[in-house]
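Working notes, beginning with the structure itself.
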């Protein structure tokens with residue numbers, strides 16, 4: 001049997017320590033998700049989450065891991081056989097592309113360098129060449145909630161605004 005010294009740190013999506021106060025909070029007994037205590041807490045959280053997300057509009061809360069959200073995004077917006085343009089910018093981008101393929105989508109994975117973000121010129125070039133509009137979606141690797149341009153695992157940035165304009 002192998003023994004480890006110290007506490008194990010979960011490194012998903014990137015080196016992230018769980019603060020002791022959070023560990024103490026999650027060690028408390030769970031509350032009934034159908035009871036009044038949970039309903040009151042949910043109302044309070046939903047009322048404030050818009051401000052946290054920087055919006056005054058409604059916010060959808062999706063109870064899943066990031067991978068579950070990828071799958072939901074793909075199956076709720078695309079159909080098997082639809083063509084998806086993806087860029088190899090790191091581990092998450094590759095996993096998302098693989099999932100799309102497993103769901104029956106036709107994935108055009110543009111090889112890339114895991115050290116850099118997507119070149120907006122490549123996006124423009126690929127979409128401009130798609131004269132028949134066969135490409136139904138362009139995937140983007142997930143990012144930190146605090147970052148508008150990069151990924152937490154690779155540490156790179158990618159010009160989001162320029163990609164959208166492409």
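Points to keep in mind about this one:
- Within the stretch 52-138, strands (runs of 3 or more DSSP E) holding 1 or more residues that are free of Cβ contacts under 8 Å to residues at least 24 places away in the same chain, buried (at least 17 other Cβ atoms within 10 Å of the Cβ) and at negative phi: 106-110
Conditions (1) within 26 Å of residue 60 (Cβ to Cβ); (2) at pLDDT 90 or above; (3) more than 24 Å from the chain's Cα centre (by Cα), marked per residue:
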site	(1), (2), (3)
1	no, no, yes
4	no, no, yes
7	no, no, yes
12	yes, no, no
26	yes, no, no
35	yes, yes, yes
38	yes, yes, yes
41	yes, yes, yes
44	yes, yes, yes
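- Residues in the stretch 16-31 that are in a loop (DSSP other than H, G, I, E, B) and surrounded by 10 or more Cβ atoms within 10 Å (Cβ to Cβ): 4 in all.
The values are calculated or read from the model by the stated rules, or taken from the named source; none is laboratory data. These figures come from a predicted structure and were not determined experimentally. Cβ sites come from the backbone with ideal geometry, for glycine too, and all protein chains shown count toward neighbours.
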